[in-house]
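The values are calculated or read from the model by the stated rules, or taken from the named source; none is laboratory data. Quick caveat, the model's predicted, so the values are computed rather than measured. Neighbour counts run over all protein chains shown; Cβ positions are idealised from the backbone, glycine included.
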Amino acid sequence: MKNYLFILFISLFGFSLCAQNSASATVNSRATVIDPIKIDKTVDLDFGNVISAYNPGQVILSPDGSRVAYGVQISNSIPGTVNPAEAVVTHGNNNYAITLPEQFTLYNQENPNQILTIDQFTVAPQQGNVTDIIKIGGTLNLEANQTSGFYTNSSGFNVTVSYN
């Protein structure tokens, strides 16, 4: 009888170990493809006319288009062309970040050894649904007795937008 119980015990134990050796589940998969982020420049950054001084100075151009001068002068009667930079960002309904350079150099067209630097860039996005208009200002830095002339840099500076 002990042998029968032992065989019965081994049979049940062995059966229970092999009763379930695998299981499976069905997993669905999906992906959402979104449009790539896009930026198109519509207006260049232009500080307008600036009057040099005996001391170094700055002209701060805000994204709203207003200018403030420190150490130099700006003329309200002959302001020149004054524009914050402007670009259209197409982003769907996704959040994004804007990256600007730390500084950018402008060169005198007649004397490339004479430079101006732009730094402290500021951005103001005007939010829409799937597109935003971003306006960019900055600080123009002048040396004392800055040489007069037209300063530019045809390579431009990069404004980078990327999804968060």
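The set of residues from the stretch 4-41 being modelled with pLDDT of 95 or more and surrounded by 10 or more Cβ atoms within 10 Å (Cβ to Cβ) comprises Ile37, Lys38, Ile39, Asp40, Lys41. Please indicate, with yes or no, whether at least one residue in the stretch 117-127 is in a strand (DSSP E or B), at pLDDT below 95 and surrounded by 14 or more Cβ atoms within 10 Å (Cβ to Cβ). Yes, some residue in the stretch 117-127 is in a strand (DSSP E or B), at pLDDT below 95 and surrounded by 14 or more Cβ atoms within 10 Å (Cβ to Cβ).
Out of everything in the stretch 38-67 that is of a type in the set (Lys, Arg) and closer than 21 Å to Ser162 by Cα, what residue ends up being nearest to the chain's Cα centre (by Cα)? Before you say what the answer is, go through the steps one by one.
First, pick out the residues of the stretch 38-67 that are of a type in the set (Lys, Arg): 38, 41, 67.
Still in the list and also closer than 21 Å to Ser162 by Cα: 38, 41.
Details: Lys38: 11, Lys41: 13 Å.
Checked the stretch 38-67; the qualifying residue nearest to the chain's Cα centre (by Cα) is Lys38.
Examine the stretch 103-125 for a residue that is among the small types (Gly, Ala, Ser) and within 13 Å of Asp46 (Cα to Cα), and state whether such a residue exists. Looking through the stretch 103-125, none of the residues is among the small types (Gly, Ala, Ser) and within 13 Å of Asp46 (Cα to Cα).
Please report, ordered by residue number, the strands (runs of 3 or more DSSP E) entirely within the stretch 48-105 with at least 2 residues that are at pLDDT below 95. No strands (runs of 3 or more DSSP E) qualify here. Only one of the numbered conditions (1) surrounded by fewer than 16 Cβ atoms within 10 Å (Cβ to Cβ); (2) in contact with a strand residue (DSSP E or B) (Cβ under 9 Å, 6 or more places away or on another chain); (3) in contact (Cβ under 8 Å) with a residue 12 or more places away in the chain; (4) assigned to a loop (DSSP other than H, G, I, E, B) is violated by Asn113, and that is (3).
Residue-wise test of (1) buried (at least 16 other Cβ atoms within 10 Å of the Cβ); (2) in contact with a Ser or Thr (Cβ under 9 Å, 6 or more places away or on another chain); (3) touching a residue at least 12 places away in the same chain (Cβ under 8 Å).
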{"position": "Tyr54", "(1), (2), (3)": "no, no, yes"}
{"position": "Val68", "(1), (2), (3)": "no, yes, no"}
{"position": "Gln73", "(1), (2), (3)": "no, yes, yes"}
{"position": "Pro101", "(1), (2), (3)": "no, no, yes"}
{"position": "Ala144", "(1), (2), (3)": "no, yes, yes"}
{"position": "Thr152", "(1), (2), (3)": "no, no, yes"}
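Every condition in (1) in a loop (DSSP other than H, G, I, E, B); (2) closer than 16 Å to Asp44 by Cα; (3) small (Gly, Ala, Ser) is met by Gly137 except one, and the failing one is (1).
The selection criterion, being in contact with a Leu (Cβ under 8 Å, 6 or more places away or on another chain), of a type outside the set (A, V, I, L, M, F, W, C), under 15 Å from Val43 (Cβ atoms) and without any contact (Cβ under 8 Å) to a residue 60 or more places away in the chain, holds for Asn83.
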